[in-house]
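Written out below as structure tokens is the structure these notes cover.
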Amino acid sequence: MVDATNPRGAKPKPRFSGRNIMLYGTLIVICMYYILPLWVMVMTSTKGMPEIRLGNIFSPPVEITFQPWVKAWAEACTGLNCDGLSRGFFNSVRILIPSVILSIAVASVNGYALVNWRFKGSDIFFTILIFGSFIPYQVMLYPMVIILRELGIYGTLWGLVLVHTIFGMPILTLLFRNYFSSLPEELFKAARVDGAGFWGIFFKIMVPMSLPIFVVALILQVTGIWNDFLFGVVFTKPDTYPMTVQLNNIVNSVQGIKEYNVNMAATLLTGLVPLVIYFISGKLFVRGIAAGAVKG
Amino acid sequence: MTNSIEVKDLTLNFGAVSVLKKMNLDVAEGEFIVLLGPSGCGKSTLLNCLAGLLDITDGQIFIKGKNVTWAEPSDRGIGMVFQSYALYPQMTVRGNLSFGLKNAKMPQPEIDKRIARAAEILQIEPLLDRKPAALSGGQRQRVAIGRALVRDVDVFLFDEPLSNLDAKLRSELRVEIKRLHNKLNNTMVYVTHDQIEALTLADRIAVMRGGIIQQLAAPQEIYNRPSNLFVAGFIGSPSMNFLHGATVESGRAFQFGSVKLDLTGYEGGAILERSKAILGLRPEHLTIQDHEEPGKTIAATVEIDEPMGADSLVWLEADGGLQMSVRVPVERRMARGTPVHLKVDISKASIFDSGTEQRI
């Protein structure tokens, strides 16, 4: 815990020292590097095609138009479908919500059981689980396809939900295990003496104390699943493509003229969800990461 | 009197490490037992076994005559108070107190009644709607005791409950726990490494080392007649003076260096003649005097004088560089280097066999 009463940090230095100019100069250059593409995208997406052809990619639009955004959302064509990204968006939402809920629910119980209800072989179980996170996904693609086919859910949204839940398990379990092991063990003991069972302790004692780590898990899963392309393209069919796959199809379509403004708008739309999540919960995220890292 | 707790041949191994070794312990109804020992001696482990928080390797545990060896913690009729208080942070004091009762599906009016009673006994009524974070250390520990109290249990288990408190609060709560015991007359098992707590609270103290109870006796007995060298050295501050020597003249005298002490009046077993023995003398069982009495005094030189308020401790060097401490009334200041004679009260001394380390 930081002691707020004592002075901390280095001695204050003059504002325009050579060191500060170097430091902030570097920071500004790096910021520009990251902001420029975004700037170009936003500007391009609000220009008409004639203006884009002039080639001034950094300049703001002379005539602002939101037509590309509308087209990207509702009219852009991929193959035979011409309903834009909206279909992909709703597919992604339908994949995202059950995947996030299911993976966090299972992983939190996993972590809790691994810390507080240690069973014979729980260490080995955990080691195997963690090992799973080091295996490249590509190795498991084909076996997964066969498993889903045998289960009869290949190509459905639920198939993809299952895949996301499984592949999220190692890192999420690790996250929850570390967080729960940082909670005092005596609390768990006290609850047992008080007659609470496995689920009673989990829901009444552990979960209410673990909001930060649930937020971290939520952010990791939402961004991870939303941005996923590989699983989406492998495990779904054109009707159920998630937004990222559809974005790719729109941007990479070879027919007709390249509508840069529509492509830019589509890309921004796709990136909006994780961005919003970060803005809303950034503070909780940092707190949760820090809390989870205390003990491992 | 029936036994409240009976522990039979309790054994606990963590992998290859044996933590508790064939332990037997009977606790009478209403008795206050303190488990005392250095860290790692298995005292907290024993308490966790009694509470049912650790699965034991072998043996049996009875509480109130009922075999609870494999019973759930909540079914054993025990309440437990932890060192870190272990209050549920998201619940109010009232929520903390009622959690166990709600789990037992007790009707609300009965819960309210019990909380009111516990709050009154512990004087925490104004705190009932606060969260633990808004309480001081002493208040938290009181709530933790209350959590055991409301469950109306036969046995209270305390796991170093005062270790996280500062010295002043500790002595206050110590008295309060004693008062609580007088009032409720429950059986209490109390784990501590603080010998003052042990000596003041206990009806009987179990001094433990290496998973074995070294001595189980009343505090005075433990203090005055420690059963072995470990107990003698562990209890008492500063610790007992140990003189390494031999018993001679068929056990009538103790010889170390050139000094020979008369053992007439020793309270213990047959001393016999032993080539190696240890004489234990507590600092308060020695008196400083100017003149020598053959067979009753040890010559020594004053090294350091430590005034402690009520009395003072004098550290001396005896024959052969042996360091000794003596407790003397505070009026008497001793200058460094003063040659004195220490008179031994042999009736309060302890003699140990060097080999077995047992008291004779």
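The values are calculated or read from the model by the stated rules, or taken from the named source; none is laboratory data. The structure displayed is predicted, hence computed values, not measured ones. We place every Cβ from the backbone using ideal geometry, glycine too, and count neighbours over all the protein chains shown.
In the range B:34-52, is there at least one residue being within 14 Å of another protein chain (Cβ to nearest Cβ), buried (at least 21 other Cβ atoms within 10 Å of the Cβ) and not in a helix (DSSP H, G or I)? Checked the range B:34-52: at least one residue is within 14 Å of another protein chain (Cβ to nearest Cβ), buried (at least 21 other Cβ atoms within 10 Å of the Cβ) and not in a helix (DSSP H, G or I). Looking at B:Met106, is it within 13 Å of chain A (Cβ to nearest Cβ), free of Cβ contacts under 8 Å to residues at least 24 places away in the same chain and over 24 Å from the mean Cα position of the chain (by Cα)? So B:Met106 passes the test.
Every listed requirement among (1) closer than 24 Å to B:Arg179 by Cβ; (2) more than 14 Å from every other protein chain (Cβ to nearest Cβ); (3) assigned to a strand (DSSP E or B); (4) at pLDDT 90 or above is met by B:Ser4 save one, (4). For the range A:255-266, which residues satisfy the criterion of being among the polar types (S, T, N, Q), farther than 12 Å from A:Gly84 by Cα and buried (at least 18 other Cβ atoms within 10 Å of the Cβ)? Correct list: A:Asn261 only. Taken over the range B:203-238, the criterion of being surrounded by fewer than 23 Cβ atoms within 10 Å (Cβ to Cβ) and assigned to a loop (DSSP other than H, G, I, E, B) is satisfied by B:Asp203, B:Gly210, B:Ala218, B:Arg225, B:Ser227, B:Ile235, B:Gly236, B:Ser237, B:Pro238. Look at the range B:225-244: where a residue is within 12 Å of B:Met324 (Cα to Cα) and a partner is hydroxyl-bearing (Ser, Thr, Tyr), sitting 6+ places away or on another chain with Cβ atoms under 9 Å, you get B:Pro238/B:Ser325; B:Ser239/B:Ser325; B:Met240/B:Ser350; B:Asn241/B:Ser325.
Based on what the data block shows, is A:Phe134 among the aromatic types (Phe, Trp, Tyr), more than 14 Å from chain B (Cβ to nearest Cβ), without any contact (Cβ under 8 Å) to a residue 24 or more places away in the chain and not in a helix (DSSP H, G or I)? In short, yes.
Among the residues of the range A:245-289 satisfying the criterion of being outside any helix (DSSP H, G or I) and modelled with pLDDT under 80, which is nearest to A:Ile57 (Cα to Cα)?
Kept after step one, since they are outside any helix (DSSP H, G or I), are these residues of the range A:245-289: A:252-259.
Narrowing the set further to residues that are modelled with pLDDT under 80 leaves A:253-257.
Working: A:Ser253: 22, A:Val254: 22, A:Gln255: 23, A:Gly256: 22, A:Ile257: 18 Å.
Taking the candidates together, the pick is A:Ile257.
Is it true that some residue in the range A:85-92 is aliphatic (A, V, I, L, M), surrounded by 14 or more Cβ atoms within 10 Å (Cβ to Cβ) and closer than 24 Å to A:Asn227 by Cβ? Scanning the range A:85-92, I find at least one residue that is aliphatic (A, V, I, L, M), surrounded by 14 or more Cβ atoms within 10 Å (Cβ to Cβ) and closer than 24 Å to A:Asn227 by Cβ, so the answer is yes. Within the range A:184-203, being without any contact (Cβ under 8 Å) to a residue 60 or more places away in the chain, crowded, with 19+ Cβ neighbours inside 10 Å and touching a helix residue (DSSP H, G or I) at 6+ places or on another chain (Cβ under 7 Å) holds for A:Leu187, A:Ala191, A:Arg192, A:Val193, A:Asp194, A:Gly195, A:Ala196. The residue that is nearest to B:Gly15 (Cα to Cα), among those in the range B:53-103 that are in a strand (DSSP E or B) and more than 10 Å from chain A (Cβ to nearest Cβ), is B:Asp58.
What do you reckon, is B:Val175 assigned to a helix (DSSP H, G or I), within 14 Å of chain A (Cβ to nearest Cβ) and over 25 Å from B:Glu6 (Cα atoms)? Before the answer, list the steps.
Values: assigned to a helix (DSSP H, G or I): yes; within 14 Å of chain A (Cβ to nearest Cβ): no; over 25 Å from B:Glu6 (Cα atoms): yes.
Judged against the criteria, B:Val175 is not a match.
The residue pairs whose first member lies in the range B:52-63 and is touching a residue at least 60 places away in the same chain (Cβ under 8 Å), whose second member is surrounded by fewer than 20 Cβ atoms within 10 Å (Cβ to Cβ) and in a loop (DSSP other than H, G, I, E, B), and whose beta carbons are closer than 9 Å, counting only pairs six or more residues apart or on different chains, are B:Ile63/B:Ala71; B:Ile63/B:Gly77; B:Ile63/B:Asp154.
Is it fair to say B:Ala119 is assigned to a helix (DSSP H, G or I), farther than 14 Å from A:Ala190 by Cβ and either away from every other protein chain (no Cβ under 14 Å) or more than 32 Å from the chain's Cα centre (by Cα) (or both)?
On the way: assigned to a helix (DSSP H, G or I): yes; farther than 14 Å from A:Ala190 by Cβ: yes; either away from every other protein chain (no Cβ under 14 Å) or more than 32 Å from the chain's Cα centre (by Cα) (or both): yes.
The answer is yes for B:Ala119.
Restricting attention to the range B:283-333, which residues are of a type in the set (S, T, N, Q) and surrounded by fewer than 17 Cβ atoms within 10 Å (Cβ to Cβ)?
So in the range B:283-333, the residues of a type in the set (S, T, N, Q) come out as B:287, B:289, B:297, B:301, B:312, B:323, B:325.
Once the filter is applied, which keeps residues that are of a type in the set (S, T, N, Q) and surrounded by fewer than 17 Cβ atoms within 10 Å (Cβ to Cβ), the range B:283-333 yields B:Thr287, B:Gln289, B:Thr301, B:Gln323.
Among the conditions (1) surrounded by fewer than 20 Cβ atoms within 10 Å (Cβ to Cβ); (2) within 14 Å of chain B (Cβ to nearest Cβ), the only one that A:Met206 does not satisfy is (1). Any residue at all in the range B:150-160 that is within 13 Å of another protein chain (Cβ to nearest Cβ), farther than 30 Å from B:Lys22 by Cβ and touching a helix residue (DSSP H, G or I) at 6+ places or on another chain (Cβ under 6 Å)? Yes: the range B:150-160 contains one or more residues that are within 13 Å of another protein chain (Cβ to nearest Cβ), farther than 30 Å from B:Lys22 by Cβ and touching a helix residue (DSSP H, G or I) at 6+ places or on another chain (Cβ under 6 Å). Screening the range B:126-184 for residues that are crowded, with 16+ Cβ neighbours inside 10 Å and small (Gly, Ala, Ser) and picking the one that is farthest from the chain's Cα centre (by Cα) gives B:Gly146.
From the list A:Trp199, A:Trp226, exactly one residue is among the aromatic types (Phe, Trp, Tyr), out of contact with any strand residue (DSSP E or B) (no Cβ under 8 Å at 6 or more places or on another chain) and within 14 Å of another protein chain (Cβ to nearest Cβ). Which is it? After ruling out the rest, the residue left standing is A:Trp199.
Confirm whether A:Val215 is in a helix (DSSP H, G or I), at pLDDT below 90 and either more than 14 Å from chain B (Cβ to nearest Cβ) or touching a His at 6+ places or on another chain (Cβ under 9 Å) (or both).
When the stated conditions are applied, A:Val215 passes them.
Close Cβ contacts (under 7 Å, 6 or more residues apart or on different chains) running from residues in the range B:174-199 that are within 17 Å of B:Ala118 (Cβ to Cβ) to residues that are of a type outside the set (Val, Ile, Thr) and at pLDDT below 90 comprise B:Asn186/B:Asp154.
Is it the case that some residue within the range B:1-14 is among the hydroxyl-bearing types (Ser, Thr, Tyr), free of Cβ contacts under 8 Å to residues at least 60 places away in the same chain and surrounded by fewer than 23 Cβ atoms within 10 Å (Cβ to Cβ)? Yes, there is a match, as at least one residue in the range B:1-14 is among the hydroxyl-bearing types (Ser, Thr, Tyr), free of Cβ contacts under 8 Å to residues at least 60 places away in the same chain and surrounded by fewer than 23 Cβ atoms within 10 Å (Cβ to Cβ). Checked against (1) β-branched (Val, Ile, Thr); (2) in contact with a Lys or Arg (Cβ under 7 Å, 6 or more places away or on another chain); (3) modelled with pLDDT under 90, B:Val19 meets all criteria but (2).
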